[in-house]
Amino acid sequence: MIASPLPDLVGRQRECAALDDLLAGLRDGGSRALVVRGEAGIGKSVLLEYVATQASRVQVTWARGVEADMELPYASLHQVCAPFLDGVEELPQPQRDALRVAFGTAVGDPPDRFLVGLAVLTLLTRASETRPVLVLVDDAQWLDQVSLQTLEFVARRLLAEPVAMAFAVRDPEGQSALAGLPALQLSGLDAAAAGELLESAVGGRLEERVRDRFVAETHGNPLALLEFSRGRSAAELAYGVDASSAPVVQGPVASRVERDFAGRLGALPAATRTLLLIAAAEPVGDVRLLIRAAASLGITPDAAPAKAAGLIEFGEPVRFRHPLVRSAVYHGAEPEERRAVHRALAEATDPLRDPDRRAWHAAQAADGPDEEVAAGLEQAADRARQRGGIAAEAVLLERAVEVTPDPWPRGRRALAAAEAHFSAAAPERATELAAVADLYPLSVLDRARLARLRARILFARSRSDEAAPLLLNAAAQFTAAGSPLARETYLEAISATIFAGRVHGPTGARAAAIAARASGAPSSGSKAADALLDGVAALLADGPETAVPGLREALDLLEHEELRTREATVRWLLLAPVALESFIHWAWDLHAWDTLSTRAVRLARDIGALGTLPPALIYAGGVHIHYGDFAEADRMIDEADAIATATGHAPHKYATLVLAAWRGEADVAAGIIEEARERAVQRGEVSLLGAMGYIQGVLFNGLARYEEAMEAARTGIEHDGFNFTGLSLIEHVEAATRCGELDQARASLARLTELTRAADSGWARGASARSEALLADGEAADRLYRTAIEEFGRGGVVVEVARTHLLYGEWLRRAQRRAQAREHLRTAHDMFDAMPAHAFAERARRELIATGEQVTARETTPANALTPQESQVAALAADGMTNARIGAELFISPHTVEWHLRKVYVKLGISSRRALPDVLDSARAR
């Protein structure tokens with residue numbers, strides 16, 4: 001058996017070895033994260049104690065989840081950070097401000113919880129510069145939600161820092177917590193180890209059959225074995241306690257152990273039991289607070305009997321021997337006893353230093369409706385929201401509803417609780433509280449909020465067109481109430497129809513746009529938002545020729561609007577996708593796409609909005625795909641996916657698919673396409689089908705599989721969607737002409753010409769000219785191809801410039817003009833090869849060979865071997881950014897930046913960042 005300073009670790013060689021490995025890696029400067037999972041009493045807490053005792057030359061910080069503390073935002077995170085808070089001043093300002101607001105030491109806009117996570121990551125990294133840091137979190141399933149989410153984010157971003165994190169999670173309560181992190185699953189001890197533990201506890205050998213009975217009935221649960229045998233000798237257990245006794249374990253092991261702890265309480269003096277109940281209801285373990293509460297109840301604190309019974313340790317802080325002791329104490333008390341203790345704790349808690357916990361204790365003490373208590377909870381919820389604790393806000397408001405005596409404030413609070421639960425990603429609870437709010441009187445404005453909430457819940461569950469009518473109804477109610485939320489809600493309704501993939505029909509985007517224009521809704525307070533709604537509504541109701549000039553005015557406002565608060569910035573970021581879709585698919589404006597997506601990325605980085613940063617990066621990556629800079633697009637997509645994974649969101653497969661299509665990677669695309677189709681069906685997100693038509697059109701045209709390209713592009717055209725129709729028409733014209741389906745090609749050309757006429761951009765004119773050239777002959781075709789190359793170049797659409805050189809070269813070769821054909825085919829091949837767009841490059845190579853040209857393989861440079869993250873770090877370092885600034889920019893720690901740079905230096909054959917600019921410039925030139 002294992003040699004350990006903790007006797008409870010009998011039979012845990014494998015588990016201790018895993019934790020020893022975590023420590024060894026930490027001491028070597030590496031990052032580790034491990035989740036220890038198992039039922040109550042299985043030994044998770046003991047294993048954390050074990051790794052703490054082994055952690056010499058390491059800074060150890062603890063957090064312990066307490067069920068009663070789950071509603072107080074960042075309470076557990078504060079436990080983790082407390083030893084390192086002296087270093088807050090050294091954090092970058094956005095991180096410093098976010099952490100201060102989260103911990104209630106400063107006032108400001110509610111921080112993004114992921115920015116708080118980055119601040120914690122940086123704080124731990126800075127602390128690890130002197131000694132490695134080990135974070136231990138026990139009973140993680142009882143952490144307040146925002147603390148758990150933040151620590152999970154930190155664990156997922158660890159890479160090259162001397163920081164390790166070990167969590168203990170009780171199953172089944174915590175099965176969904178920390179999913180995807182490396183896990184160590186604990187089961188009961190095997191028979192031999194369990195028998196040894198039992199005999200060591202009773203101080204002698206047991207008869208084998210008796211011992212095996214106890215082991216079997218406890219399922220090898222160490223705590224159950226120890227607590228059952230506590231105070232009993234081997235002689236007393238010689239015949240199994242009592243031949244007629246019931247089994248050792250009845251029901252779940254945790255329940256049996258908790259009952260055993262509860263049985264010991266009965267032998268304690270009444271004052272000691274009350275003292276234990278105060279400690280169980282007060283999760284911080286503050287001895288002074290416990291003494292004040294005891295005095296309020298008129299009892300003399302006598303902890304000796306509880307200490308003698310092995311139930312609690314009175315130190316600083318007060319600690320129960322095991323979480324199940326706390327549970328047994330609290331749940332074993334009568335309701336009136338619990339209310340009295342909470343009432344005493346509320347009186348003993350400083351209303352200025354800890355108003356939220358005081359409000360919570362007062363709420364637990366209430367035995368009926370109490371407006372003063374409800375108001376206190378509402379104020380605590382507001383403070384929780386200001387600190388970014390949306391989940392805590394929701395729970396506090398929900399409790400406020402329960403103790404609110406009057407119907408009007410009860411309905412208002414129920415609505416606010418429902419909205420908070422929805423924001424905290426709990427749509428089921430939001431639905432239930434929305435139903436509660438509906439039962440009470442609400443103002444006209446609150447009725448509109450309720451209608452919008454229900455529509456949002458429906459839209460979150462399904463991207464179908466069912467949500468749009470509800471949003472339109474809510475927008476009309478906001479208009480009637482004179483609320484500035486009306487125009488925002490109309491834009492939201494239009495956005496919903498775009499996702500649902502409908503332009504026409506009674507629930508389509510056009511109907512929503514007409515309703516918005518006819519509403520007479522008051523200004524939203526944002527000129528950019530109002531101009532965007534007017535532009536999009538005109539686009540859908542009147543067509544692009546009328547709308548594009550207005551959209552360009554909206555672009556100027558969106559580009560230069562001054563955003564003075566975080567809330568205004570978040571609103572701008574929520575507008576960006578609709579604006580981008582309009583400029584991409586109707587104004588055919590790559591420069592506007594670049595401008596808006598670049599600002600979106602910058603704003604999301606500046607305020608640490610990691611929820612909106614990934615889609616902003618995806619849009620920016622799309623710009624670089626069209627610029628022909630696939631490496632930069634890959635970097636952005638890689639960063640977006642890394643952040644999405646770290647924040648618990650699904651990766652953005654669409655962008656990966658577009659890039660795979662342009663590269664001609666059919667194998668990569670196949671699985672993602674099928675997954676996207678399934679998602680479109682499951683969630684009603686029909687707009688994905690239009691996207692798939694365009695993407696497969698690009699893929700199959702590049703691979704010269706023209707019949708498949710024609711069929712795919714036809715799907716994108718026939719789909720009644722807001723976006724991708726124009727791009728699908730381009731692919732269809734090329735594929736149909738190659739298949740000899742000239743009537744189909746001409747029909748698509750006519751629609752494309754109509755769509756691009758109003759845009760009057762280089763991209764639009766180039767697309768129209770090239771598609772017309774594919775159906776033309778002689779001098780007309782020659783002129784149109786040259787016009788297309790010039791217009792695409794003016795629009796900055798490099799991939800289409802290369803593609804037009806390819807199509808022009810193919811046409812010239814078939815016209816027996818080989819010398820000219822070689823010139824354009826060589827240009828196309830070199831451009832595609834540099835991107836690299838493998839399938840299109842191969843098409844150009846085959847055509848060149850047919851003209852008698854010898855094709856030289858592209859030289860591989862060391863820069864090509866860099867991963868997307870390494871390339872991004874190298875580029876920022878070459879621009880002169882410090883490691884700390886790069887870390888803040890990419891939401892990684894400075895240690896991770898340095899780790900990436902060391903790998904970059906090796907791959908590029910250099911020794912310092914001073915050489916980076918020349919090496920990278922040389923690679924770009926090649």
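The values are calculated or read from the model by the stated rules, or taken from the named source; none is laboratory data. Here the structure is a predicted model, which is why all the values come from computation and not from measurement. Here the Cβ is made from the backbone with ideal geometry for all residues, glycine too, and neighbour counts use every protein chain on show.
Scanning region 315-332 for residues that are free of Cβ contacts under 8 Å to residues at least 24 places away in the same chain, surrounded by fewer than 21 Cβ atoms within 10 Å (Cβ to Cβ) and among the acidic types (Asp, Glu) turns up nothing. From the list Arg663, Arg714, the one residue that fits, being surrounded by 19 or more Cβ atoms within 10 Å (Cβ to Cβ), in contact with a Pro (Cβ under 8 Å, 6 or more places away or on another chain) and at pLDDT 90 or above, is Arg663.
Of the numbered criteria (1) exposed (fewer than 15 other Cβ atoms within 10 Å of the Cβ); (2) more than 23 Å from Ser327 (Cβ to Cβ); (3) modelled with pLDDT of 80 or more; (4) not β-branched (Val, Ile, Thr), the one Ser187 fails is (2). Within region 312-346, the set of residues being small (Gly, Ala, Ser) and not in a loop (DSSP other than H, G, I, E, B) comprises Ser327, Ala328, Gly332, Ala340, Ala344, Ala346. Residues in region 509-527 that are crowded, with 24+ Cβ neighbours inside 10 Å and touching a residue at least 40 places away in the same chain (Cβ under 8 Å): 4 in all. Listed by first and then second residue, the pairs linking a residue in region 285-302 that is on the phi > 0 side of the Ramachandran plot to a residue that is assigned to a helix (DSSP H, G or I), with Cβ atoms under 9 Å apart and 6 or more places separating them unless they lie on different chains, are Gly285/Ala279. Taking the stated definitions as given, is Ser483 small (Gly, Ala, Ser), within 33 Å of the chain's Cα centre (by Cα) and either closer than 25 Å to Leu688 by Cβ or in a helix (DSSP H, G or I) (or both)? The answer is no for Ser483. Residues in region 182-194: is at least one of a type in the set (A, V, I, L, M, F, W, C) and under 25 Å from the mean Cα position of the chain (by Cα)? Scanning region 182-194 turns up at least one residue that is of a type in the set (A, V, I, L, M, F, W, C) and under 25 Å from the mean Cα position of the chain (by Cα). Criterion applied to Ala863, Ala888, Ala884, Ala874 was being modelled with pLDDT of 85 or more and part of a helix (DSSP H, G or I), and the one residue passing it is Ala874. Inclusion of Val698 among residues that are modelled with pLDDT of 95 or more and assigned to a helix (DSSP H, G or I) is warranted.
Considered as a group, the residues in region 79-107 that are without any contact (Cβ under 8 Å) to a residue 60 or more places away in the chain and of a type in the set (Gly, Ala, Ser) include one that is nearest to Ala384 (Cα to Cα), and that residue is Ala106. In region 781-825, what residues are surrounded by 18 or more Cβ atoms within 10 Å (Cβ to Cβ) and outside any helix (DSSP H, G or I)? Across region 781-825, the qualifying residues are Gly796, Val797.
Close contacts from region 552-580, counting a first residue that is on the phi < 0 side of the Ramachandran plot and of a type in the set (Val, Ile, Thr) and a second that is in a helix (DSSP H, G or I) and buried (at least 19 other Cβ atoms within 10 Å of the Cβ), with Cβ to Cβ under 6 Å and a gap of 6+ residues or different chains, come to Thr569/Leu603; Thr569/Ile607; Val578/Ser495.
Please indicate, with yes or no, whether at least one residue in region 138-150 is in contact (Cβ under 8 Å) with a residue 12 or more places away in the chain, in contact with a Pro (Cβ under 7 Å, 6 or more places away or on another chain) and assigned to a loop (DSSP other than H, G, I, E, B). Looking for residues that are in contact (Cβ under 8 Å) with a residue 12 or more places away in the chain, in contact with a Pro (Cβ under 7 Å, 6 or more places away or on another chain) and assigned to a loop (DSSP other than H, G, I, E, B), one finds at least one in region 138-150, hence yes. On the stretch given as region 340-379, residues that are crowded, with 16+ Cβ neighbours inside 10 Å and either of a type in the set (Asp, Glu) or not assigned by TED's automatic domain parsing to the domain that holds Leu290 (or both) total 5.
Matching residues to (1) part of a loop (DSSP other than H, G, I, E, B); (2) among the acidic types (Asp, Glu); (3) farther than 22 Å from Ile892 by Cα:
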position: Leu580; (1), (2), (3): no, no, yes
position: Asp594; (1), (2), (3): no, yes, yes
position: Val601; (1), (2), (3): no, no, no
position: Arg605; (1), (2), (3): no, no, no
position: Ala609; (1), (2), (3): yes, no, no
position: Pro615; (1), (2), (3): no, no, no
position: Tyr619; (1), (2), (3): no, no, no
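Scanning region 52-65 for residues that are over 17 Å from Arg321 (Cβ atoms) and not in a helix (DSSP H, G or I) returns Ala55, Ser56, Arg57, Val58, Gln59, Val60, Thr61, Ala63.
Kindly establish whether Leu610 is at pLDDT 90 or above and not assigned by TED's automatic domain parsing to the domain that holds Arg113. It is false that Leu610 is at pLDDT 90 or above and not assigned by TED's automatic domain parsing to the domain that holds Arg113. Residues in region 42-51: is at least one over 29 Å from Glu398 (Cα atoms), touching a residue at least 12 places away in the same chain (Cβ under 8 Å), under 26 Å from the mean Cα position of the chain (by Cα) and in a loop (DSSP other than H, G, I, E, B)? For region 42-51, residues over 29 Å from Glu398 (Cα atoms), touching a residue at least 12 places away in the same chain (Cβ under 8 Å), under 26 Å from the mean Cα position of the chain (by Cα) and in a loop (DSSP other than H, G, I, E, B): absent. Looking only at residues in region 486-507 that are over 29 Å from the mean Cα position of the chain (by Cα) and more than 17 Å from Arg456 (Cα to Cα), the one that is surrounded by the most Cβ atoms within 10 Å (Cβ to Cβ) is Val503. In region 291-301, of all residues being buried (at least 16 other Cβ atoms within 10 Å of the Cβ) and at pLDDT below 90, the one that is farthest from Pro335 (Cα to Cα) corresponds to Pro301. When Gly740, Gly671, Gly778 are screened for being in the same structural domain as Phe840 (by TED's automatic domain parsing) and surrounded by fewer than 17 Cβ atoms within 10 Å (Cβ to Cβ), only Gly778 passes.
Could you tell me whether any residue of region 535-549 is surrounded by 20 or more Cβ atoms within 10 Å (Cβ to Cβ), farther than 17 Å from Ala576 by Cβ and polar (S, T, N, Q)? Looking for residues that are surrounded by 20 or more Cβ atoms within 10 Å (Cβ to Cβ), farther than 17 Å from Ala576 by Cβ and polar (S, T, N, Q), one finds none in region 535-549, hence no.
Taking first residues from region 450-479 that are in the same structural domain as Ser519 (by TED's automatic domain parsing) and in contact (Cβ under 8 Å) with a residue 40 or more places away in the chain and partners that are acidic (Asp, Glu) and outside any helix (DSSP H, G or I), the Cβ contacts under 6 Å between residues at least 6 apart in sequence or on separate chains come to Arg463/Glu685. Taken together, Leu77, Leu72 contain a single residue that is out of contact with any Gly (no Cβ under 7 Å at 6 or more places or on another chain), of a type outside the set (Lys, Arg) and part of a loop (DSSP other than H, G, I, E, B), which is Leu72. Hey, can you tell me all the residues within region 560-607 that are of a type in the set (Lys, Arg), modelled with pLDDT of 90 or more and surrounded by fewer than 19 Cβ atoms within 10 Å (Cβ to Cβ)? Once the filter is applied, which keeps residues that are of a type in the set (Lys, Arg), modelled with pLDDT of 90 or more and surrounded by fewer than 19 Cβ atoms within 10 Å (Cβ to Cβ), region 560-607 yields only Arg602.
Residues checked against (1) touching a His at 6+ places or on another chain (Cβ under 9 Å); (2) assigned to a loop (DSSP other than H, G, I, E, B); (3) over 27 Å from Arg902 (Cα atoms):
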| residue | (1), (2), (3) |
| --- | --- |
| Pro110 | no, yes, yes |
| Val120 | no, no, no |
| Leu123 | no, no, no |
| Val169 | no, no, yes |
| Gln175 | no, yes, yes |
| Leu181 | no, yes, no |
| Gly195 | no, no, yes |
| Ser200 | no, no, yes |
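Looking across Phe167, Phe214, one residue alone is aromatic (Phe, Trp, Tyr) and in contact (Cβ under 8 Å) with a residue 60 or more places away in the chain. It is Phe167.
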